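Worksheet: the structure to be examined is printed underneath.
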Amino acid sequence: METIKISGLARLAAAIFAWWGGLAAFKGAYDLFLGGEPEANLYAPKAWAFVTRAQWARYASFELVYGLVCLALAWYCLRWSRRLPETVERKRREPEFDLFS
């Protein structure tokens, strides 16, 4: 018999989505509301010559929404993991393909 952890996989996915979504949402909020600017402004002869403020606001809005969607997916995975069993036991199957026989 082998034991497979089922709900732990959903919790792991939730943790990954939460970490990445929090990072993206924070970066998007910083760029949108707290004065973040593109790196192109550091190298351009004049600030906002290569990337306009409207383009930057559109990108920062996308980044914020993307982060919030990842956070929503994390919440959904965590909620869904409560319905799953903690572990499942099943009979170990022999592999169908043996490389060295």
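Against the conditions (1) within 30 Å of LYS5 (Cβ to Cβ); (2) within 18 Å of the chain's Cα centre (by Cα), GLU94 satisfies every one except (2).
Name the residue that is nearest to GLU94 (Cα to Cα), counting only residues in region 1-57 that are among the polar types (S, T, N, Q) and outside any strand (DSSP E or B). I'd like the intermediate steps shown before the answer.
First, the residues of region 1-57 that are among the polar types (S, T, N, Q): 3, 7, 41, 52, 55.
Still in the running and outside any strand (DSSP E or B): 7, 41, 52, 55.
Details: SER7: 25, ASN41: 60, THR52: 60, GLN55: 56 Å.
Top of the filtered list is SER7.
Do we find a residue being under 21 Å from LEU9 (Cβ atoms), of a type in the set (A, V, I, L, M, F, W, C), surrounded by 11 or more Cβ atoms within 10 Å (Cβ to Cβ) and at pLDDT below 90 anywhere in region 79-95? So far as region 79-95 goes, yes, one or more of its residues are under 21 Å from LEU9 (Cβ atoms), of a type in the set (A, V, I, L, M, F, W, C), surrounded by 11 or more Cβ atoms within 10 Å (Cβ to Cβ) and at pLDDT below 90. Taking the criterion of being under 14 Å from PHE33 (Cα atoms), of a type in the set (A, V, I, L, M, F, W, C) and out of contact with any Lys or Arg (no Cβ under 9 Å at 6 or more places or on another chain), the residues of region 55-73 that qualify are TRP56, ALA57, PHE62, VAL65. So for region 77-97 (the condition being more than 26 Å from GLY22 (Cβ to Cβ) and of a type in the set (S, T, N, Q)), does at least one residue qualify? Yes, the conditions are met somewhere in region 77-97. I'd like the full set of residues that are assigned to a loop (DSSP other than H, G, I, E, B) and among the small types (Gly, Ala, Ser), limited to region 58-101. Residue satisfying the conditions is SER101 alone.
The values are calculated or read from the model by the stated rules, or taken from the named source; none is laboratory data. What you see is a predicted model, and the numbers here were worked out from it, not measured in a lab. Methodologically, a virtual Cβ is constructed for each residue, glycine included, from the backbone with ideal geometry; neighbour enumeration extends over all protein chains shown.
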